[in-house]
Amino acid sequence: MQDFYRRFCRLEEAITGAMFVLIVALVFSAALLRAFNLPLVWADDVASFLFSWVAFLGADIALRHSRLVGVDILVNRWSPKARKLSEIVVYTVMIVLLIAFVYFGINLSIRNWDRDFQTLSFMSYSAVTLSLPVASALMIISTATKLARLLRRFGDDGYEVKSDIPARPASAGHVHSD
């Protein structure tokens, strides 16, 4: 199962990266062609679609790699057990909120089913709003995975779920950073 999850994560990163490159190329091309009075009228709609998916899938990737913004100036002064307890609380709250995002995101997608893009009449705007519940479900998996690892290694004071590797001892002359 871990091998499948690892491969799925790599696929998600590759797809998200490819979509980001496509957004840049599309927006650049549309701007360049507009200068020659050859507008790509559909480019904005496609870029909006891709951007929503890149943003939300990127959030899952950032979460998985512990790269979401956080203020830990106070928490870093706590004991390893207190930090882990706070992380358990944070991950639990995140899962509850993500479940709400899935629920309300599905409702939003259903409500947008009849809404079309301006230039892509064959495509429902639900394709954009569906990015919220799909990415939220993926973030639930990522958060639950981090929470399970944290609970399994709770007694190991050298374990940090942020890096998912044991912290190096300070006496080794290395400073552990995220």
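Tally time: how many residues in the range 81-110 are more than 17 Å from the chain's Cα centre (by Cα) and farther than 13 Å from Leu147 by Cβ?
So the count comes out to 10.
Would you confirm whether or not the range 108-128 contains a residue that is at pLDDT 90 or above, within 24 Å of Tyr5 (Cα to Cα) and in a helix (DSSP H, G or I)?
The answer is no; no qualifying residue exists.
Would the range 157-168 turn up any residue that is modelled with pLDDT of 85 or more, among the basic types (Lys, Arg) and in a loop (DSSP other than H, G, I, E, B)?
no
Rundown of residues vs (1) under 30 Å from Thr145 (Cβ atoms); (2) at pLDDT below 95; (3) of a type in the set (Gly, Ala, Ser), yes/no style:
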position	(1), (2), (3)
Asp45	no, yes, no
Ser48	no, yes, yes
Phe51	yes, no, no
Leu57	yes, no, no
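Which numbered condition in (1) surrounded by fewer than 16 Cβ atoms within 10 Å (Cβ to Cβ); (2) assigned to a helix (DSSP H, G or I) is the only one that Gly70 fails?
Against the list (1) surrounded by fewer than 16 Cβ atoms within 10 Å (Cβ to Cβ); (2) assigned to a helix (DSSP H, G or I), Gly70 comes up short only on (2).
Looking only at the range 2-21, decide whether some residue is farther than 17 Å from Ile61 by Cβ, of a type in the set (Ser, Thr, Tyr), surrounded by 11 or more Cβ atoms within 10 Å (Cβ to Cβ) and out of contact with any strand residue (DSSP E or B) (no Cβ under 8 Å at 6 or more places or on another chain).
Within the range 2-21, not a single residue is farther than 17 Å from Ile61 by Cβ, of a type in the set (Ser, Thr, Tyr), surrounded by 11 or more Cβ atoms within 10 Å (Cβ to Cβ) and out of contact with any strand residue (DSSP E or B) (no Cβ under 8 Å at 6 or more places or on another chain).
Can you name the residue in the range 98-121 that is touching a strand residue (DSSP E or B) at 6+ places or on another chain (Cβ under 8 Å) and without any contact (Cβ under 8 Å) to a residue 12 or more places away in the chain and, of all such residues, is farthest from Val41 (Cα to Cα)?
Asp114
The values are calculated or read from the model by the stated rules, or taken from the named source; none is laboratory data. Since the structure is predicted, the reported quantities are computational estimates derived from the model, not experimental observations. Every residue, glycine as well, gets a Cβ built from its backbone with ideal geometry; the counts of neighbours run over all protein chains shown.
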